[in-house]
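Here the structure comes first, spelled out in structure tokens, and everything after it is commentary.
The values are calculated or read from the model by the stated rules, or taken from the named source; none is laboratory data. Note that the coordinates shown come from a computational prediction; the quantities given were computed from them, not determined experimentally. We place every Cβ from the backbone using ideal geometry, glycine too, and count neighbours over all the protein chains shown.
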């Protein structure tokens, strides 16, 4: 290091620290995700995407029997096809979970580079990056199965950095990839186009806003319908009870603004906003031009009547959390330039450490990492061992029906169904099966995996009992039974 200026040496050490933290995050969160999956903590969502990616990788039509419709009829997510090489390997969701952890980890070095490029000092740039890695919002999205939108924060961060360096082709490439992950991500880019237009980059801003609006409109009005889907299920889920829809919720904002405000002004939603701001240690508030990009996704979560969008453990907050982290990179640089906010370096580091410690106090990773280390095999009642033994008996590629905690381990095949389908007609999660469809598909099923301990609700338990009574009449015979787990073959 002789002859290297002290400031440059400090910058290298800071960058090395961020990369080390990102590597540690990727290893720990990969392990936690894999542990969760290994112990049957995965379910419906990961089964959907694992089957879709396997189908893409084997050049099949991405019709999801888990879901009852094409992947592109559920949400418009053509970017999922980019993971086809992973599906071609037929490794199960293991590699997907590792890639998800790696993508979220890599956001940190990009945030560090962006903050330094904007003029933040080493300490603040490191704080922005580490705060992202320690954020409960980042880790919760990482641990909740697998979702393509978890890759959006990295693409958004790369896009901002490319824009700062005036690398427009890279920015537009990142934008296209990000929007291909889910149709509502396009709304982030609509706002981004408006912001760029207002800041003087009129041609780029106008083009981005118009292209994003066109993408969104075509996705929800043409593409999804072209693949046989409809957004009616999601619209009604968003609207909640009384047959409300997205349109009626938006209308109420104008017609009944006070009532709408009361719905949003809850302790739960206050926690949501506090979590988004607090996960950046408040630095995002100093980057309002970037913070604006979070408005569409935050508004969707606040206005939705679907309770999961108000709960911080799901993937719905990963995109606004990524935007807030980017705003924090801008805010960190701005903090350094505001004279009355300048603080002693050691005092600033102390504040940062206290804030990151507070984040870690709420992090879900510790519980995920330690939950299964401390559990004795006998405490699990032998169910996991029985499930694994039953899974080994099912041939690859065979048509299977299983319960929610097993389908994620069986998804890499063309015909996989979540019980009680296809034996019972149950409508309520957006499936598009008709009774005739189910009757035809039921005849193709050769294996059924039942688990009396795995029902998620009394209603589901009752449905499984009903299916169990039907199976002998349809020619199924028990070939494995242990610890409440039964495998039947026709």
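Data table
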{"quantity": "Qualifying helices (runs of 4 or more DSSP H) (wholly inside segment 231-306; at least 1 residues being over 22 Å from the mean Cα position of the chain (by Cα) and buried (at least 16 other Cβ atoms within 10 Å of the Cβ))", "calculated": "246-255, 257-264"}
{"quantity": "Residue within segment 59-72 that is buried (at least 20 other Cβ atoms within 10 Å of the Cβ), at pLDDT below 95 and part of a helix (DSSP H, G or I) present", "calculated": "yes"}
{"quantity": "Unmet requirement for residue 41, which otherwise passes all of (1) surrounded by fewer than 20 Cβ atoms within 10 Å (Cβ to Cβ); (2) modelled with pLDDT of 90 or more; (3) within 21 Å of residue 137 (Cα to Cα); (4) under 16 Å from the mean Cα position of the chain (by Cα)", "calculated": "(2)"}
{"quantity": "Lone unmet requirement of (1) touching a strand residue (DSSP E or B) at 6+ places or on another chain (Cβ under 8 Å); (2) crowded, with 20+ Cβ neighbours inside 10 Å for residue 189", "calculated": "(1)"}
{"quantity": "Test for residue 181: is it over 22 Å from residue 15 (Cα atoms), in contact (Cβ under 8 Å) with a residue 40 or more places away in the chain and out of contact with any strand residue (DSSP E or B) (no Cβ under 6 Å at 6 or more places or on another chain)", "calculated": "yes"}
{"quantity": "Test: residue in segment 252-265 that is touching a residue at least 24 places away in the same chain (Cβ under 8 Å) and closer than 30 Å to residue 78 by Cα", "calculated": "no"}
{"quantity": "Qualifying residues in segment 307-318 (those that are without any contact (Cβ under 8 Å) to a residue 60 or more places away in the chain and surrounded by fewer than 16 Cβ atoms within 10 Å (Cβ to Cβ)) - the one farthest from residue 363 (Cα to Cα)", "calculated": "307"}
{"quantity": "Those residues of segment 88-111 which are surrounded by fewer than 21 Cβ atoms within 10 Å (Cβ to Cβ), touching a residue at least 12 places away in the same chain (Cβ under 8 Å) and part of a loop (DSSP other than H, G, I, E, B), in sequence order", "calculated": "89, 90, 92"}
{"quantity": "Residue list for segment 73-87, filter: part of a helix (DSSP H, G or I) and modelled with pLDDT under 90", "calculated": "73, 74"}
{"quantity": "Neighbours by Cβ (under 8 Å, 6+ apart or cross-chain): first from segment 64-77, within 14 Å of residue 412 (Cα to Cα); second modelled with pLDDT of 90 or more and part of a loop (DSSP other than H, G, I, E, B)", "calculated": "65/414; 65/415; 66/411"}
{"quantity": "Odd one out for residue 215 among (1) farther than 22 Å from residue 291 by Cβ; (2) surrounded by fewer than 16 Cβ atoms within 10 Å (Cβ to Cβ); (3) in contact (Cβ under 8 Å) with a residue 12 or more places away in the chain", "calculated": "(2)"}
